[in-house]
Amino acid sequence: MSNKEIRQLLAKLQNEIQKTELDDDTLAAVRELDTDIDDLLDPEGHRAETDSVLEKARELETNFATEHPTIERFMREVIDVLVRMGI
């Protein structure tokens, strides 16, 4: 999957999050994850810690599983794509 495709998937995730009422801590965690992923995809970026990014994504996926299954599905897709990309 190309950087463009992962960014489109992230945009879909953000769109779904905007339609959902989430607490401030969760929103901050999602923003931080988005920034970290952008950094990983940017060849000029500082390269966020790969394991840390995947750990954050998995924690968010777990948090969304019971109350927000649609967001959880998008998070799972993001994780799968990052793993396939070798991130």
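Annotations
- Mean ellipticity per residue at 222 nm, deg cm²/dmol - from DSSP H runs of n ≥ 4 across the chain, formula -39500 (n - 2.57): -26000 deg cm²/dmol
- Full extension of the chain between residue 16 and residue 76 yields a length gain of 20.2 nm, computed as 0.36 nm times the residue separation minus the alpha carbon distance.
- Estimated FRET transfer efficiency when R0 is 30 angstrom, pair residue 23-residue 49 (beta carbons, to 0.05): 0.75
- A Cβ-based charge dipole, computed about the Cα centre of the range 3-84 with Lys and Arg at +1 and Asp and Glu at -1, lands at about 440 debye.
- Within the straight-line cut-off of under 19 Å between alpha carbons, the lysines reachable from residue 56 are 12, sequence neighbours fewer than 8 places apart in one chain being disregarded.
Readers should treat all values here as calculations from the given coordinates under stated rules, not as data from a laboratory. A quick note: this is a predicted structure, and the numbers were derived from the prediction, not measured. Cβ sites come from the backbone with ideal geometry, for glycine too, and all protein chains shown count toward neighbours.
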